[in-house]
1. Any residue at all in region 162-173 that's crowded, with 21+ Cβ neighbours inside 10 Å, out of contact with any strand residue (DSSP E or B) (no Cβ under 9 Å at 6 or more places or on another chain), β-branched (Val, Ile, Thr) and assigned to a helix (DSSP H, G or I)?
2. Please determine whether any residue of region 15-32 is exposed (fewer than 15 other Cβ atoms within 10 Å of the Cβ), among the polar types (S, T, N, Q) and within 19 Å of ILE138 (Cα to Cα).
3. Pairs only if they're at least six apart or on different chains, beta carbon under 7 angstrom, first in region 126-146 and touching a residue at least 60 places away in the same chain (Cβ under 8 Å), second buried (at least 17 other Cβ atoms within 10 Å of the Cβ) and not in a helix (DSSP H, G or I); list them, first residue then second.
4. For region 1-59, which positions are polar (S, T, N, Q), over 22 Å from the mean Cα position of the chain (by Cα) and at pLDDT 80 or above?
5. Quick one: in region 66-93, which of the residues that are surrounded by fewer than 17 Cβ atoms within 10 Å (Cβ to Cβ) and of a type in the set (D, E, K, R) is nearest to PHE18 (Cα to Cα)?
6. Which numbered condition trips up LEU183, out of (1) crowded, with 23+ Cβ neighbours inside 10 Å; (2) at pLDDT 95 or above?
7. For GLN120, only one of the following conditions fails: (1) touching a residue at least 12 places away in the same chain (Cβ under 8 Å); (2) in contact with a Leu (Cβ under 9 Å, 6 or more places away or on another chain); (3) farther than 20 Å from ILE40 by Cα. What is its number?
8. Taking region 94-115 as the region of interest, how many residues are surrounded by fewer than 16 Cβ atoms within 10 Å (Cβ to Cβ) and either over 27 Å from ILE199 (Cα atoms) or among the small types (Gly, Ala, Ser) (or both)?
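The values are calculated or read from the model by the stated rules, or taken from the named source; none is laboratory data. Being a predicted model, the structure only gives us computed values, none of them experimental. Here the Cβ positions follow ideal geometry from the backbone for every residue, glycine too, while neighbour counts run over all protein chains shown.
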Amino acid sequence: MNKIDFTKGSVTKSFLIFFFPMLFSNILQQVYSLADMVIIGKGLGDNSLAAVGNFTTFSFFLTGFIMGITNGFSVNISQACGEQDLSKLKEIIASSIKISAVFGVLFSAVGLLLLKPILQIIQTDDKLLNDCLTYGYIIFSGLLITVAYNLLSSILRGMGDSRTPLFAIGVSSALNIILDLLLIFLFKFGVSGPAYATIVSQLISVVICYFRLHRMNELKINKRDFIFNFRLVTPLYNF
């Protein structure tokens, strides 16, 4: 059973069992990112590597903000789990999905519309601009997939399951590296190869997290639960 109940047994033991998968997930993401950059550098050269790095500088703010939002939902989710209030839990999850979808669509549109002007404002070298745009347009087109993974993994962690997100990121990382190698060295996709690899591998992680949640019968959400209930989620953002 992946789900940990912090209201029963030793808190220290439960915390450590929950913590280490989260730690390994973060380490795995760093290793995966490093491997990704090495493959791009070896397969496509310094200019493509610099182009991807330049785009990452621009995208960091948007993706970081999305991660902050989705991680914030896990606070209220964990509180509802502790209270064993399934009605409240489902309403929080439904509202979290709607809010995340809105921000995902908004940021995707902003990224697609403003990518080129912002790259020009920060004086991106002309030799890098085309590769930056190629990579960036693909990543921003699939931004909802990134949002979905971060949201689903946050929901799982909020419910006490940190192992499924670890498994998902492990499978995703391995698949991403394999796709990088195939699309760069075998199919000669150029800088678009790593972008497509990132989107496809993240989609697989979304599928893994979704099926884990789908097996939790108590979380089946009906139409009534999708009422936009800001009361349950906005306390996180009262400044």
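1. Among the residues of region 162-173, at least one is crowded, with 21+ Cβ neighbours inside 10 Å, out of contact with any strand residue (DSSP E or B) (no Cβ under 9 Å at 6 or more places or on another chain), β-branched (Val, Ile, Thr) and assigned to a helix (DSSP H, G or I), which makes the answer yes.
2. No, the conditions are met nowhere in region 15-32.
3. ASP131/VAL191; CYS132/THR124; THR134/VAL191; TYR135/VAL191
4. Just the residues of region 1-59 that are polar (S, T, N, Q), to begin with: 2, 7, 10, 12, 14, 25-26, 29-30, 33, 47-48, 54, 56-57, 59.
Now narrow it down to the ones that are over 22 Å from the mean Cα position of the chain (by Cα): 7, 10, 12, 14, 47-48.
The answer is ASN47, SER48.
5. GLU83
6. So the condition that LEU183 fails would be (1).
7. The one condition GLN120 does not meet is (1).
8. Qualifying residue count, region 94-115: 2.
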